[in-house]
Amino acid sequence: MYDHIGLRVADLDASVRFYTAVLAPLGFVLCSRDDSGAGFGPKGEPALWLHLHKGKAQGGAHIAFRAPSHDAIKTFHTEGLKAGGKDNGAAGHREDYSPTYYAAFLLDPDGNNVEAVST
């Protein structure tokens, strides 16, 4: 449904470190980077854009990435914590969402809720 998503970030370097770490287990890479922003996605197809925004962080968005496996979701969570993310829900089943919903949640450096999910 979506072509791309853009997020404002207060610290581009910190956000690039975080998204590089959490998106690698899901098969996504840094495709583009300059002083004002960065783009992630499948190689050569950026779909998540980070835009440097001077001023107060504007967290509050929710992004959910499809994951290829439960192991990828566990790695997403572990690597995200190492890269400066904050735990917002460890990898596990979320039966209140659906019987097969498996996900992990992190808060990125700007307070956005970032999820990896497999259903």
Only one residue in His51, His62 is under 19 Å from Ile5 (Cβ atoms), under 14 Å from the mean Cα position of the chain (by Cα) and open to solvent by 60 Å² or more (accessible area, probe 1.4 Å). Which one? His62
Residues within the range 74-115 that are of a type in the set (Lys, Arg) and out of contact with any strand residue (DSSP E or B) (no Cβ under 9 Å at 6 or more places or on another chain), tallied: 1
For the range 25-65, which positions are out of contact with any Cys (no Cβ under 9 Å at 6 or more places or on another chain) and among the acidic types (Asp, Glu)? Asp34, Asp35
Which pairs do you get when a residue that is under 15 Å from Ala24 (Cα atoms) and in contact (Cβ under 8 Å) with a residue 60 or more places away in the chain, found in the range 80-94, comes within reach of a residue that is in a loop (DSSP other than H, G, I, E, B) and among the aromatic types (Phe, Trp, Tyr), reach meaning Cβ atoms under 8 angstrom, with the pair 6+ apart or on two chains? none
Condition first: touching a Gly at 6+ places or on another chain (Cβ under 8 Å), closer than 18 Å to Glu115 by Cα and of a type in the set (A, V, I, L, M, F, W, C). Now tell me which residues in the range 31-63 satisfy that. Ala47, Leu48, Trp49, Leu50
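The values are calculated or read from the model by the stated rules, or taken from the named source; none is laboratory data. Owing to the predicted nature of the structure, the values given are computational and were not obtained by experimental measurement. Neighbour counts are summed over all protein chains in view; Cβ atoms, including those assigned to glycine, are modelled from backbone coordinates with ideal geometry. With ligands, DNA and RNA removed, areas are computed over all heavy atoms of the protein, side chains included. Shrake-Rupley method; radii C 1.70, N 1.55, O 1.52, S 1.80 Å.
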